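Notes for the one structure printed next.
The values are calculated or read from the model by the stated rules, or taken from the named source; none is laboratory data. This structure is a prediction, so every number in the text was calculated from the model and none was measured. Cβ sites come from the backbone with ideal geometry, for glycine too, and all protein chains shown count toward neighbours.
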Amino acid sequence: MILPVYIVNAFTTHLFGGNPAAVCPLDDWLPDVQMQQMAAQHNLSETAFFVRNDNGFHIRWFTPQTEIALCGHATLASAFVIFSHMGVQSEQIHFTSQSGSLFVTRKNAQLTLDFPAQPAQPMPIDPAIAKALGATPTAMFTGEDLLAVFDSEVNVAQLTPDFAALKQLPYRGILATAPGDQTDFVCRFFAPAVGIDEDPVTGSAYTKLTPYWSQRLGKTLHQARQISARGGEVMCELIGERVLIGGRATLYAKGEIYLQD
């Protein structure tokens, strides 16, 4: 069996920026074990697989270690492949996923995800988590991911986490965020529990960040930057119980995967 594969950098216009995702269009689902093996082979933060259905496409995401319920950058990368390489003429794609219905629209080169908002809930500052991050935040919020809020962009940029300690926490990932020097806010995302010490740009993180910063800043539209080594630019907007997450994408590679029985 020969399958197409694309490597797409999401949330960037730079060839070596943003977050790279592997994208594998399928005619039919492969066994879960095989898709997990492929994701491990690619060794990128996520590999997205999708299959056409009556409403659009059913999408699934795998890290090198496990399947996850929601991934923003690999959804953006998948939409880029569908729009650019599969002849889809519409301006919106509907994805069915473990997290419900997801939509991606395009306007020129800009792609915008439409995801459910996932507000985090306040919690006391946990000294053990602060120690694992290497600095004490001003506030913490809990949910699928833990949100740690700091005073300044430099505080977030200078974090040197203990990834072994973070891996033991009962969260998919740890979000560190602060007001930005040139953007509304900045963030970093650490997810050693799912095999990713630091994710370059994390689309799903903005389903938590956007509600928080909308309430704090008193506005719903934000320009954000994920200040990982690769970096990424994200537009995000809170609309009711949904979050719009916008960015660009660039194609790095296109090839074929050879699967043998």
Practice item. Please find, among MET35, MET86, the residue that is modelled with pLDDT under 95 and not assigned by TED's automatic domain parsing to the domain that holds SER204. Key: MET86
Exercise for review: Considering only segment 89-125, state which residues are over 19 Å from the mean Cα position of the chain (by Cα), at pLDDT below 95 and assigned to a strand (DSSP E or B).
Suggested key: LYS107
Review point. Are any of the residues in segment 110-130 in the same structural domain as ASN43 (by TED's automatic domain parsing), loosely packed, with under 14 Cβ neighbours inside 10 Å, over 25 Å from LEU26 (Cβ atoms) and aliphatic (A, V, I, L, M)?
Key: no
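Sort out which residues of segment 172-187 are part of a loop (DSSP other than H, G, I, E, B) and within 15 Å of the chain's Cα centre (by Cα), and write them in order of number.
ARG172, GLY173
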Practice item. Mind telling me which of the residues LEU251, LEU238 ends up being under 16 Å from GLU46 (Cα atoms) and either surrounded by 24 or more Cβ atoms within 10 Å (Cβ to Cβ) or at pLDDT 95 or above (or both)? Key: LEU251
Check your understanding: Tell me, which strands (runs of 3 or more DSSP E) wholly within segment 192-261 include 3 or more residues that are aliphatic (A, V, I, L, M)?
Key -> 232-239, 242-247, 249-258
Check your understanding: Has segment 209-220 got at least one residue that is within 16 Å of GLY72 (Cβ to Cβ) and among the small types (Gly, Ala, Ser)?
Key -> no
Practice item. Filter segment 188-207 down to residues that are more than 12 Å from the chain's Cα centre (by Cα) and free of Cβ contacts under 8 Å to residues at least 60 places away in the same chain and give me whichever is surrounded by the fewest Cβ atoms within 10 Å (Cβ to Cβ). Key: ASP197
Exercise for review: Would you mind finding the one in LEU15, LEU44 that is of a type in the set (A, V, I, L, M), without any contact (Cβ under 8 Å) to a residue 60 or more places away in the chain and closer than 23 Å to ARG188 by Cβ?
Suggested key: LEU44
Review point. What number of residues within segment 208-226 are surrounded by 20 or more Cβ atoms within 10 Å (Cβ to Cβ) and aliphatic (A, V, I, L, M)?
Key: 2
Exercise for review: For LEU259, indicate whether it is at pLDDT below 95 and over 20 Å from the mean Cα position of the chain (by Cα).
Suggested key: yes
